[in-house]
Structures are given as structure tokens and as C-alpha cells.
Amino acid sequence: MDDKPGPGPLSETSEFLFSFGVIADIQYADLEDGYNFQGNRRRYYRHSLLHLQGAIEHWNTEGSPPRCVLQLGDIIDGYNAQYKASEKSLELVMNTFQMLKVPVHHTWGNHEFYNFSRNYLTNSKLNTKFLEDQIVHHPETVPSENYYAYHFVPFPQFRFILLDAYDLSVLGVDQSSAKYQQCLKILKGHNPNSELNSPQGLSEPQFVQFNGGFSQEQLNWLNEVLTFSDTNQEKVVIVSHLPIYPEASDSVCLAWNYRDALAVIWSHRCVVCFFAGHTHDGGYSEDPFGVHHVNLEGVIETAPDSQAFGTVYVYPDKMMLKGRGRVPDRIMNYKRESAFRC
């Protein structure tokens with residue numbers, strides 16, 4: 001069922017350039033299977049590690065190995081904190097990732113912050129900022145230390161940008177800090193519920209505690225990087241734990257200020273794909289500006305007899321996602337330049 005071939009005949013019209021792997025919401029914990037908070041979806045806490053091992057074996061044995069793997073956040077489950085197993089579980093998953101023969105870029109999601117403070121994560125192996133590329137003559141493309149974001153070039157003319165979707169968040173932040181108070185004010189300004197994880201009755205259901213947003217500082221930085229990529233005719237892939245396009249996601253799972261992120265992206269022509277996790281169900285939509293929004297199916301809710309990861313094959317005119325198990329195949333053609341001409 002899961003043994004799909006490589007790029008296949010669909011791609012023979014153009015030259016294969018490179019590939020990269022994608023995987024989301026592993027949420028490992030040394031626990032018996034359980035259910036989500038609504039009690040209607042099964043979670044396979046232990047088996048998620050076996051799914052990860054299977055994905056790594058696949059990437060390691062591909063004829064043309066991927067340039068890198070994008071891990072889209074929620075690497076271990078929040079239950080680990082309750083059982084004082086956060087560090088042990090993280091070490092186990094990171095040791096598994098060490099078997100991977102190519103670099104992995106780690107995104108931070110809500111479950112990272114259920115287990116660790118932002119300060120801890122910054123000093124952990126989940127911080128892959130050391131893999132970033134510097135644009136020496138453009139200092140404004142260097143990210144601030146105030147958020148966890150960076151960009152890198154896995155192949156000439158293709159830039160990948162990793163965003164911090166919990167830059168604005170009440171998770172993982174010292175409750176006595178000004179940042180916490182600022183974020184709590186934003187959250188409570190949109191969510192009057194006593195249970196801040198509940199979207200009940202909200203006109204903007206994304207304003208829940210398990211989500212977060214992008215600071216203006218990070219959005220300004222993103223704008224500078226995209227300006228550089230426009231000027232240099234690069235194609236850009238953006239990665240975030242939280243999705244930003246409503247047509248591709250459950251509205252409860254969107255970033256708080258997803259509209260602000262879209263406004264920045266839509267003011268540039270270089271962005272071709274936006275990859276996110278968080279929803280567990282997956283989702284896909286091409287927006288009016290030709291950006292492909294892909295929400296990857298979560299490993300944590302993937303039965304033992306299936307899989308949930310993908311390899312994206314990149315061509316001069318398109319990207320092709322070859323999914324495994326729950327992750328469907330997708331062909332994502334780049335928008336035509338003529339669409340931008342007045």
C-alpha cells in the first residue's frame with residue numbers, strides 16, 4: 001500500500017533538481033495508545049517512534065538522497081512533562097534522528113513548549129539555527145535572537161525559511177515577563193473563555209492557547225528575506241508548525257495573525273510552498289497567488305500498519321510530493337510569472 005515509486009513518468013518533462021523530506025507531529029511518548037482531547041481520535045504514542053525509524057530508513061536508502069528533512073514540530077508529546085519524561089523522550093527521538101544521513105531542520109510546536117521553556121529549547125539539539133545561511137551583504141536578512149527563525153539554501157536558487165509560529169505565545173515563556181503579559185493580553189482580547197484552549201463561541205477560533213503568532217519584528221525580517229529572494233529570482237519554501245491559510249486547515253489550528261503572514265508573502269512573487277503540521281488531519285490548497293499550502297498528516301494519529309511522511313521532488317517548473325501511507329501525492333506547479341505583469 002505504501003510502497004509508491006519515485007517521481008515517475010509525470011516528471012519526465014523536466015529535469016529533476018533535488019529532493020527534501022517532510023514529517024510532522026511525531027509526538028512520541030512511552031505510553032499506551034490513547035485519544036485526543038475530544039476522545040474521538042486514536043493516538044499511537046509508542047508506535048510514532050517506529051514510524052520515524054521507517055521514514056529515516058526510506059530516506060537513507062533512496063537512490064538520490066534528499067538534501068535535508070524538515071521536521072514540522074511537536075516531536076514529543078506533552079504527556080511527557082506530566083510523567084517527568086521530557087528529556088528522556090527527546091533524547092530517544094533525537095538519537096533516532098542521528099541515523100539520518102542528511103541534515104534535519106527542526107520546527108518548534110506547542111508540544112515543545114509543553115515540555116520545555118523557550119530558553120531550554122534555544123540551548124537544545126532542537127535548535128538547528130546553526131544550519132542557516134548568511135547573506136553577508138544584507139545584514140537585515142539576519143534574524144534576531146528574539147525568535148527562532150532562519151533561512152538556508154539546500155540547492156542553488158531555492159531558499160527555505162523556517163518560521164517561529166510561537167514567537168507570540170503564552171507557552172514556554174516566563175509568566176513574570178513583559179512578553180508573557182503582552183501575549184496573554186492578545187489572547188484574552190480575542191478569547192473571553194475561562195478555558196483558553198477552548199474556541200467555543202469565538203469569531204476567530206484560532207485565538208486559543210495551543211496556538212501562537214508571529215511578531216512584527218519577525219514579519220519585517222521575513223519581508224527582507226523575501227525581498228532579497230525576489231531580487232535574485234529565487235524560489236522560496238516556507239516552513240512553520242502552524243498553518244496560515246484557512247482553505248488548507250481547520251480554522252482552530254491557524255496561527256493567531258495568519259492574515260499578517262499572508263500579507264507579507266502575497267506582496268512577493270518568490271514563495272512557491274508553505275509547509276505546516278499541527279492539524280494531524282492534513283490539508284492542502286493553492287491560494288490565489290499560486291502558493292501551495294501543504295499541511296502534513298501527523299505521525300501521532302497514524303495506525304501501525306500505515307505511515308505518514310513524504311519526499312518532495314523539486315523540478316524547474318514544479319514540486320512533486322510523494323506521500324507515504326496517509327500522506328497523499330501532490331503535484332505543485334509554480335505560478336507563471338505572467339500572472340504578476342500588469
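When the criteria are applied in full, Ile238 meets the requirement of being assigned to a strand (DSSP E or B) and either under 19 Å from Met332 (Cα atoms) or not hydroxyl-bearing (Ser, Thr, Tyr) (or both). Scanning the stretch 161-181 for residues that are closer than 20 Å to Gly73 by Cα and assigned to a loop (DSSP other than H, G, I, E, B) turns up Leu163, Asp164, Ala165, Tyr166, Asp167, Ser169, Val170, Leu171, Gly172, Val173.
Residues are listed down the side, and each one gets a yes or a no for (1) open to solvent by less than 30 Å² (accessible area, probe 1.4 Å); (2) aromatic (Phe, Trp, Tyr); (3) part of a strand (DSSP E or B); (4) at pLDDT below 95:
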| position | (1), (2), (3), (4) |
| --- | --- |
| Lys4 | no, no, no, yes |
| Ser14 | yes, no, no, yes |
| Ser19 | yes, no, yes, no |
| Ile26 | yes, no, no, no |
| Glu32 | no, no, no, no |
| Gln38 | no, no, no, yes |
| Leu50 | no, no, no, no |
| Gly54 | yes, no, no, no |
| Glu57 | no, no, no, no |
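If you filter the stretch 101-137 down to residues that are of a type in the set (Phe, Trp, Tyr) and out of contact with any Gly (no Cβ under 7 Å at 6 or more places or on another chain), you find that the one that is farthest from Ser177 (Cα to Cα) is Phe130. Remark: pairs (first residue in the stretch 326-342, open to solvent by less than 50 Å² (accessible area, probe 1.4 Å) and modelled with pLDDT of 90 or more; second residue not hydrophobic (A, V, I, L, M, F, W, C) and not in a loop (DSSP other than H, G, I, E, B); Cβ separation under 7 Å; 6+ apart in sequence or on different chains) = Val327/Gly310; Met332/His292; Met332/Lys318; Tyr334/Lys235; Tyr334/Lys318.
Taking the criterion of being in a helix (DSSP H, G or I) and polar (S, T, N, Q), the residues of the stretch 182-231 that qualify are Gln182, Gln216, Gln218, Asn220, Asn223, Thr227, Ser229, Thr231. Listed here are the strands (runs of 3 or more DSSP E) enclosed by the stretch 280-342 that have at least 1 residues being under 14 Å from His51 (Cα atoms), polar (S, T, N, Q) and out of contact with any strand residue (DSSP E or B) (no Cβ under 6 Å at 6 or more places or on another chain), and there are none.
The values are calculated or read from the model by the stated rules, or taken from the named source; none is laboratory data. Keep in mind it's a predicted model, so treat the numbers as computed, not measured. Ideal geometry is used to build each Cβ from the backbone, glycine not excepted, and the neighbour counts take in all protein chains shown. The protein model used for the area step is the full one, side chains on, heavy atoms only, and it has no ligands, DNA or RNA in it. Shrake-Rupley method; radii C 1.70, N 1.55, O 1.52, S 1.80 Å.
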